[in-house]
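The values are calculated or read from the model by the stated rules, or taken from the named source; none is laboratory data. Because the structure is a prediction, the values reported are computed rather than measured. Glycine gets a Cβ as well: all are built from the backbone with ideal geometry, and neighbour counts include every protein chain shown.
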Amino acid sequence: MFKFFRKNKIESELHHKREFVVLDTELTGLDERTDSIISIGAIMMKDRSILIGDIFYRILNPHSRPKNETVLIHELTSADLEHCPDIKLILKEFMDFLRNRTVVGHFVDIDIKFLRKELKKWLNINFNPEAIDTFIVFNWLVEKGIISKKFKGAKSLPEIAEAFDIKVDMLHDALYDAFITAQIFQREITMIQRIQSSWFDFLKKIGKPHVSGYVFGHYEKAYQF
């Protein structure tokens, strides 16, 4: 009987470890020192399943002014944002949603850096989540010939979505971008599962944000496996 309950506990823990929060943020700009988050979109995944009903989406007051060029992209002005909930409240809600799950994103290091800054500033939380970057995984699949070499050099979300025949209708909405990223990750998991039985650990290994040495889309091959 004890062995039965212990087995169920281990299986439950393993299953929980295979839960992902696919994340995207919209920002006032890309300068980590002066810019801030203006929206957070996230969607839950369990293994390959995208949980459409388990989402997080908030637009928030960042306490910094969006740059004109970023307003043209996400269409959120200072007047729109000043009436939104305070960033401190939204960050608390997001951490409750995230718990200790693995974070997944496209160039996810950017999202993590901004979240790390804001969480330290407003909640005094050190944010160092386990993370997988779909861009890095995609490049590994191209380098290994699992995805056609014609997609080598693809960087943007629409370019990578095209490689998986994923339709993209709009961009620069945090929740929609997170949903597109989740679909990409779903395809990547499928491809990795075909070649690696311990796919979860393997994805964590090849998808670490620091592996490729990219900086805002500048990709440098540095794989040793």
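Quick rundown of the values:
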item	result
Residue among LEU157, LEU175 that alone is more than 21 Å from GLU19 (Cα to Cα) and not acidic (Asp, Glu)	LEU157
Single match in GLU118, GLU93 (criterion: over 11 Å from ILE37 (Cα atoms) and acidic (Asp, Glu))	GLU93
Residue, farthest from ILE132 (Cα to Cα), within the stretch 94-117, restricted to residues that are touching a residue at least 40 places away in the same chain (Cβ under 8 Å) and among the charged types (D, E, K, R)	LYS117
Hits in the stretch 140-154 (condition: touching a helix residue (DSSP H, G or I) at 6+ places or on another chain (Cβ under 7 Å), surrounded by fewer than 17 Cβ atoms within 10 Å (Cβ to Cβ) and not aromatic (Phe, Trp, Tyr))	ILE146, LYS149, LYS152
Selection within the stretch 84-138 - in a loop (DSSP other than H, G, I, E, B) and in contact with a Gly (Cβ under 9 Å, 6 or more places away or on another chain)	PHE107
Criterion (at pLDDT 95 or above and not β-branched (Val, Ile, Thr)) met by exactly one of ASN126, ASN100	ASN126
Test: residue in the stretch 4-17 that is in contact with a helix residue (DSSP H, G or I) (Cβ under 8 Å, 6 or more places away or on another chain), modelled with pLDDT of 85 or more and within 24 Å of ASN126 (Cβ to Cβ)	no
THR28 vs. criteria closer than 24 Å to LYS117 by Cα, among the polar types (S, T, N, Q), touching a strand residue (DSSP E or B) at 6+ places or on another chain (Cβ under 9 Å) and at pLDDT 80 or above	yes
The stretch 156-204 - residue that is within 21 Å of ILE40 (Cα to Cα) and in a loop (DSSP other than H, G, I, E, B) and, of those, modelled with the lowest pLDDT	LEU171
